[in-house]
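The values are calculated or read from the model by the stated rules, or taken from the named source; none is laboratory data. In this text, all values refer to a predicted model and were calculated from it rather than measured experimentally. Note: ideal-geometry Cβ built from the backbone for every residue, glycine included; neighbour counts use all protein chains shown. When the accessible area is computed, the model is the full protein with side chains, heavy atoms only, and any ligands, DNA or RNA have been set aside. Shrake-Rupley method; radii C 1.70, N 1.55, O 1.52, S 1.80 Å.
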Amino acid sequence: MTLVEELNNIMGQENVCEKELMKNHTTFRIGGPADILACPETDSSLIEGIRLCQSRKVPFYIIGNGSNLLVGDRGFRGVIFKICKNLNAVTMEESDAGEKLYVKAGAGCMLAKLAKEVSAAGYTGFEFATGIPGTLGGAVAMNAGAYGGEMKQIIRSARIVDPSGDIRELALDALELGYRKSRIQTEQLIVLSVSMEFQKGDVQAILRKVDELSQQRKEKQPLEYPSAGSTFKRPEGYFAGKLIQDAGLKGYRVGDAMVSDKHSGFVVNMGEATAEQVRQLMRDVDEKVYEQFHVHLEPEVRCIGEF
């Protein structure tokens, strides 16, 4: 039996396709064909699919909404599991006194949507995430943050699968969340679901904060063009966007890949940018910033596949 046939049996033929262009599944709108794209409907089918790939020694990668991701122009040799389509169940439970809200959500849940729901219910602590375009699983793996907030402030635990296929529950401390890093990344763990806790707040004040942050995002970020979000991590003691701007690189282009003239921390796709153009631009930016300020810029965007 072929790999595709086995995945069809596990996930249903309607959830598995071959030679799927990844530009249709990334916020950058860039990327060649994956050998196989599979959208599991349950945690168990995802785990079974992963174990199948491992037994056949086939490379695989888990994506959510495809943000923070650059897929090579020649695509990905192996299986891409896309979880934001189905693995997004959410349960919410208030404490007896109504002072706390306990939330458990699947890794494929869209972060911004969940944050808006929690905020609208009158609970505080998740306002920072209402503009982040990724999924919950990716947000935990990267310890995503914005406007002074980050995931480690709200997480209680995460249910994960390790490379051997074993399922475990990791408490907050065990996740080792730092600036854009976590144990999820270093040990190649896969997030299945996340448990979070929020405090009761003034609903009107919370919604004002959400509106304020949303307005800031619209004003400062190049939302009118496809991008992967912030391109580089913040170097210690600096801001990547300011270094790039001070190096005179705002609006710098390689083909249709461009340093945004609205926010220099973003690389945007102006039309038909290729992955190689983006990667060349990132190399150029790092080189020119280092020449002037002796600071290297480390990519925040993950690069996968063949370039």
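Once backbone amide H atoms are built at 1.01 Å from N, R302 has L69, L70 as its partners under 5 Å, excluding neighbours fewer than 5 places away on the same chain.
Here the 3J(HN,Hα) profile of region 121-126, calculated from phi with Karplus coefficients 6.51, -1.76 and 1.60 at θ = phi - 60°, is 7, x, 10, 9, x, 10 Hz, Gly and Pro shown as x. Placing unit charges on the Cβ atoms of the charged side chains and taking the dipole of the chain about its Cα centre, the candidate lying farthest along the positive direction among G98, S214, I80 is S214. Surface exposure of the chain, expressed per residue as accessible area with a 1.4 Å probe, stands at 47 Å².
Using only the C-alpha atoms, the convex hull of the chain corresponds to 132 Å³ per residue. With all pairs of separate Cα atoms included, region 35-145 yields a Kirkwood hydrodynamic radius of 15.4 Å. For the chain, a Gaussian network of Cα nodes joined below 10 Å ranks S195, S45, S55 by mean-square fluctuation, and the top entry is S55. For region 159-303, the relative contact order comes to 19 percent (Cα pairs under 8 Å, sequence separation of at least 6). Students often get this wrong, so check it: of K242/K288; K220/K242; K181/K220; K113/K181; K85/K233; K181/K233, which have C-alpha atoms separated by over 19 Å? Pairs exceeding the cut-off: K181/K220; K113/K181; K85/K233. Counting Cα-Cα pairs of region 133-249 in 10 Å increments starting at 0 gives whole-percent bin shares of 11, 35, 32, 19, 3.
Per-atom-type breakdown for region 3-101 gives carbon and sulfur 45% of the accessible area (1.4 Å probe, protein chains only). For the chain, the relative contact order works out to 18 percent when only alpha carbon pairs closer than 8 Å and six or more residues apart are counted.
Express the carbon and sulfur contribution to the solvent-accessible surface of region 171-307 as a percent, rounded to the nearest whole number, probe 1.4 angstrom.
For region 171-307, the apolar C and S fraction of the accessible surface comes to 45 percent.
Can you bin region 177-243 into rounded, prolate or oblate? Criterion: square roots of the alpha carbon gyration tensor eigenvalues sorted a ≥ b ≥ c, rounded for a/c under 1.5, prolate for a/b above b/c, oblate for the rest.
On the way: a/c = 1.88, a/b = 1.08, b/c = 1.74.
Oblate shape, in that a/c is at least 1.5 and b/c is the bigger or equal ratio.
The length gained by stretching the chain between E18 and Q199 to full extension, at 0.36 nm per residue less their Cα-Cα distance, is 60.7 nm.
The length gained on full extension between S214 and E94, counted as 0.36 nm times the residue separation minus their Cα-Cα distance, comes to 40.5 nm. Using alpha-carbon positions, what is the distance between the centroids of region 242-307 and region 171-239, in Å? Measuring centre to centre over Cα atoms gives 21 Å. Once you sort the root eigenvalues of the Cα gyration tensor of region 26-73 as a ≥ b ≥ c, which label holds: rounded (a/c under 1.5), prolate (a/b larger than b/c) or oblate (the other case)? Cα axes put region 26-73 in the oblate bin.
Comparing mean-square fluctuations of A275, A247, A115 from a GNM of the chain with C-alpha springs under 10 Å, the top value falls on A247.
Contact order, relative form, for region 9-94: 35 percent (alpha carbon pairs under 8 Å, 6 or more residues apart, mean separation divided by residue count).
222 nm [θ] for the chain, helices only, -39500 (n - 2.57) per DSSP H run of 4+, per residue, to 500?
Rounded to the nearest 500, it is -9000 deg cm²/dmol.
Rounded, prolate or oblate: pick one for region 176-307, where a ≥ b ≥ c are the square roots of the eigenvalues of its C-alpha gyration tensor, a/c under 1.5 means rounded, and failing that, prolate if a/b is larger than b/c, else oblate. Prolate, because a/c is 1.5 or more and a/b exceeds b/c.
Note on R302: accessible area is roughly 80 Å² with a 1.4 Å probe, heavy atoms of protein only. Taking 0.36 nm per residue of separation and subtracting the Cα-Cα distance, full extension of the segment from K233 to E291 would add 19.1 nm. Choose one answer from E287, E176, E224: the residue with the largest mean-square fluctuation in a GNM of the chain with alpha-carbon springs under 10 Å. Taking springs between Cα atoms under 10 Å, the residue moving most is E224.
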